[in-house]
Amino acid sequence: MAIARIPTAARAALVAISLLASLAHAAPQLVSDEIKSAQKANNSEAALAPELLLSDADLAWWRDAKLGIFVHWGLYAIPARGEWHMFNDHVPAAEYRKLADQFRPRHFDPDKWALAARSAGARYMVLTARHHDGFSLFDSPGSFDHFDSMHSAAHIDVVRAYTDALRRHGLRVGIYYSPLDWRFPAYFDVKGLPENAAAFRKQTYDQIAELTSRYGKIDILWYDGGWLAHRGTDADAAWFWHPEVLNAIVRKNQPKVVINPRSGWQGDFNVEEGAAPISGPVRAKPWEKTFSLTAGGAWGYTPDQRLIPLDALKRLFVDAVVRNGNLLVNVGPDADGVVPPGQVRLLAAFGAWTGRYGESLFATRPGPFQPVDGVYGSTRRGRAIYLHVLKWPDGALQLPPLREKIVRARALTGGHVGFAQSVSGIELRLDRRHVDAVDTIIRLDLDRAPAE
């Protein structure tokens, strides 16, 4: 049957399915790799709307927080094939929509999510209020065709329950939102389908207005998927989204919300995605490392529950913090809303460590020493410097000189620290028996606070 003879709505659906299939078959590597950090490393327009940036004082709480928990949850937890199931498995929008009739999370309890986050030492959480499949976890009049949790079998506003729970447990509230929506053919052909593109964009503006005006104070707005047709970067699509206009609306509703850069606007902090090792010097702009606890590649729930090792989690946290970064660690609840037990246990084990050594991580700033990849990095607070030694050398550890005088050195991880300070540098000695396999933490107390 010729597409021209099909009614408009059906024709649009066929175009969408055709485009989905052709892109998936023609460029499978693009689909699987495009969300990787390498493509998103430079994805914002630095000159766009600098007046929307938060002040250093308004961003200070986020920089102090250091650790957050990401939650990827939606209809994709039901087939349990990851958050890209709709696209990667070529599921037509009408067929995918039927999952909403199965959305009955029997054990959804955001208080348990919050407790798991608190057990890790996290200060904030970020929930996928709407991912690329277009399903919204909130009561959304702006959702195209009422594709939201209030109109699902569960008939609940997940975001409302989530935000209320976080506030009960003293956690800062983060909302993830993806402008991308595979249900709109215009996502793949904005210029060729102008009417559909206008509806596509209107949905984003309407829903961002809802999320920032109906749920009390929102602390973090975490965009994702601003690029078009799975190509280019968020900045490449700024001409379509007008993120300076969109985020002006956000600032009007939530003047102090911390915004990431993935709407095409530069944002208040940078983002690096994936569990790859962190290296290099201290980064000038605050940033966040985000990755999933599971090693299988998906962020949403799958039966593959291989987890990253606890020691790797510690190492990523240290390597981020000594370089002016935060860590946003993802969990993926199952179809019933339950975070898998292995993930909960890993968070608790991580929390036992962050609780013991938190003074060297939380509410600190990087420096005064530049990190040496794989060897050490440092943080500071007041007159204290915390040295995180990842690999203790044979013999003494040599550090650059300090203008301030060291008055005491002690190992938070155990053992006696000997030190010698001169104009040429600092020498630290520790018995090899007390060297920690992951992070030997030395506190240096100074006679005055080190220079910025």
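For the chain, the share of DSSP beta bridges that are antiparallel, to the nearest 5, is 50%. Put simply, the C-alpha atoms of segment 280-374 give a gyration tensor, and the ellipsoid matching it has half-axes of 28, 14, 11 Å, longest first. Working ranking of peptides 130-136, 297-303, 60-66, 118-124 by packing, defined as the average number of other Cβ atoms within 10 Å per residue, highest first, is 130-136, 118-124, 297-303, 60-66. Our estimate of slack between S213 and A57, defined as 0.36 nm per intervening residue step minus the Cα-Cα distance, is 53.8 nm. Rounded to the nearest 10 degrees, the angle from helix 194-211 to the longest Cα principal axis of the chain is 50 degrees. Remark: segment 212-218, residue by residue, has Karplus-estimated 3J(HN,Hα) of 9, 10, 10, 10, x, 6, 9 Hz, where x stands for each Gly or Pro and the curve is 6.51 cos²θ - 1.76 cosθ + 1.60 at θ = phi - 60°. Pairs from the table (K112/K314; K98/K252; K112/K202; K66/K391) lying more than 26 angstrom apart at Cα are K98/K252; K112/K202.
Return a whole-number percent for the relative contact order of the chain, with Cα pairs under 8 Å and 6 or more residues apart as the contact set. Normalised by residue count, the contact order of the chain is 17 percent. The angle between the Cα long axis of helix 158-168 and the longest principal axis of the Cα atoms of the chain comes to about 20 degrees, rounded to the nearest 10.
Ordering V375, V435, V389 by the number of other Cβ atoms within 10 Å of each residue's own Cβ, fewest first, gives V375, V435, V389.
Dividing the summed helix terms, -39500 (n - 2.57) for each DSSP H run of n ≥ 4, by the number of residues in the chain produces a 222 nm estimate of -8500 deg cm²/dmol to the nearest 500.
Residue-normalised convex hull volume from the C-alpha trace of segment 102-166: 93 Å³ per residue. What the Cβ-Cβ distance of V245 and R429 gives, at R0 = 56 Å and to the nearest 0.05, is a FRET efficiency of 0.45.
The residue among G332, F188, S55 whose Cα reaches farthest toward the positive pole of the charge dipole of the chain, with charges on the beta-carbon of Lys, Arg, Asp and Glu, is S55. Sorted into 5 angstrom bins from 0, the C-alpha pair distances of segment 367-446 split as 3, 16, 30, 30, 17, 4, 0 percent.
Taking amide hydrogens as placed 1.01 Å from N in the peptide plane, the amide H of L307 sits under 5 Å from those of A295, each at least 5 positions away in sequence or on another chain.
Taken about its Cα centre, the chain carries a charge dipole of about 1140 debye when Lys and Arg each add +1 at the Cβ and Asp and Glu each add -1 at the Cβ. The eigenvalues of the Cα gyration tensor, multiplied by 5 and square-rooted, give the chain an equivalent ellipsoid with semi-axes of 44, 22, 20 Å from largest to smallest.
Taken together, the values in this text are just the output of simple stated rules run on the coordinates, not laboratory data. Quantities reported herein were computed from a predicted structural model and do not represent experimental measurements. All Cβ positions, even for glycine, are placed from backbone atoms using ideal geometry, and neighbour counts span all protein chains on display.
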